[in-house]
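The values are calculated or read from the model by the stated rules, or taken from the named source; none is laboratory data. Not measured: the values here are computed from a predicted model. Using ideal geometry, Cβ is built from the backbone for each residue, glycine included, and neighbour counts are taken over all protein chains shown.
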Amino acid sequence: MAETRLIAGLRSVPLSAQTPYLPQQTRRNFILATGAALLSQRAFAVAASTVLPRASSVPGGVARVGLGAAEQAPVARFGEHRVLVQREDAKWFAFVGIPLAEKAGTKLRLLVQRPGGSVETLEFRVGAKTYASQHLKVPPDKVELSKEDLARYEREHARLAQVLATFTDSASMPLAMSQPVPGSRSSSFGLRRYFNGRPRSPHSGMDIAAPTGATVVAAMGGRVLDTGDYFFSGRTVILDHGRGLLSLYAHLSEIDAQAQQLLAAGGPIGKVGATGRVTGPHLHFSVYLNAVPVDPALFLPPEPAAR
Ligand code: ZN
């Protein structure tokens with residue numbers, strides 16, 4: 001029988017709780033996102049300082065939902081997608097990618113199937129996060145795609161949606177990533193862009209400033225899921241890290257990895273470039289969880305202070 005339990009009453013997380021070096025607020029965020037009863041004091045100390053991804057139950061964030069203790073992993077589903085389930089000590093946690101389009105205050109439902117067969121619904125609430133907007137006036141012929149380009153884009157969009165929905169079973173392992181190329185990070189994930197007043201898809205990743213030819217490496221160990229040359233993202237590599245956690249590297253000048261290849265963290269995958277629809281060389285880096293783009297910064301250690 002389905003049982004409904006309210007896991008979190010997360011109403012509003014201050015923006016500062018999304019940033020590193022604020023253990024007090026990160027800690028509050030963890031309490032709200034997972035329920036204080038589910039975390040021991042010891043787990044707190046670890047969670048607040050070093051554990052990645054940083055939980056953040058907001059649009060474009062990652063909710064960490066406690067699933068309790070069990071020998072075997074429960075199976076969790078969010079919408080039509082399976083969700084990453086991770087063991088920490090004796091307990092299981094689901095890491096759920098929250099779509100950017102979700103509204104603050106919405107109750108989301110996680111369907112959890114226990115190894116014994118019982119199914120329950122866990123609810124968690126989406127907190128508030130405001131992303132910046134950018135309004136651009138551009139000549140219409142610069143934004144309207146030709147018939148051919150539109151057909152190509154639609155083909156590629158369908159293919160990418162299928163690739164990005166990949167779920168491969170794998171064992172629990174640390175989910176921390178490292179920055180795939182040195183350079184300063186944009187905080188433009190989630191930026192809402194309007195061209196001549198019409199909304200475009202929000203920015204699905206982080207842009208890292210780096211020169212053409214700089215080596216791009218795998219942010220964590222994984223398997224090369226897809227390589228291609230796409231209309232918007234140019235030469236692109238997608239890595240599968242298991243359990244619906246994927247990373248994507250776009251606008252490469254050169255791809256140095258092959259589909260199905262296994263890569264260790266730090267293994268080279270290509271070179272920075274400006275392929276696809278961009279104005280200059282940089283790396284576009286995206287992270288997907290249960291087919292949803294989430295803020296890559298949540299998976300990375302804090303950016304080193306600029307010198
Ligand atoms: Zn980008």
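Here is how the numbers come out for the structure above:
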read-out: Index of the failed condition, ARG185 passing every other in (1) within 16 Å of the ligand (Cβ to nearest atom); (2) modelled with pLDDT under 90; (3) in contact with a helix residue (DSSP H, G or I) (Cβ under 8 Å, 6 or more places away or on another chain); value: (2)
read-out: Restricting region 172-189 to residues that are more than 21 Å from HIS251 (Cα to Cα) and over 16 Å from the mean Cα position of the chain (by Cα), the residue that is surrounded by the most Cβ atoms within 10 Å (Cβ to Cβ); value: SER172
read-out: Residues satisfying the stated conditions in region 195-208, i.e. within 22 Å of GLY280 (Cβ to Cβ) and either within 14 Å of the ligand (Cβ to nearest atom) or small (Gly, Ala, Ser) (or both); value: ARG200, SER201, PRO202, HIS203, SER204, GLY205, MET206, ASP207, ILE208
read-out: When residues of region 268-277 are limited to those that are among the small types (Gly, Ala, Ser) and away from the ligand (no atom under 12 Å from the Cβ), the one nearest to ASP256 (Cα to Cα); value: GLY270
read-out: Qualifying position, being within 16 Å of the ligand (Cβ to nearest atom), in contact with a Phe, Trp or Tyr (Cβ under 9 Å, 6 or more places away or on another chain) and more than 14 Å from TYR249 (Cα to Cα), among ARG192, ARG152; value: ARG192
read-out: Scope region 142-179; condition of a type in the set (D, E, K, R) and outside any loop (DSSP other than H, G, I, E, B); matching residues; value: LYS142, LYS147, GLU148, ASP149, ARG152, GLU154, ARG155, GLU156, ARG159
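Per-residue answers, yes or no, for (1) in a strand (DSSP E or B); (2) away from the ligand (no atom under 14 Å from the Cβ); (3) farther than 20 Å from LEU160 by Cβ; (4) of a type outside the set (Val, Ile, Thr):
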position	(1), (2), (3), (4)
ALA210	no, no, yes, yes
MET220	no, yes, yes, yes
ASP226	yes, yes, no, yes
TYR249	yes, no, no, yes
GLY266	no, yes, yes, yes
THR279	no, no, yes, no
SER286	yes, no, no, yes
LEU298	no, yes, yes, yes
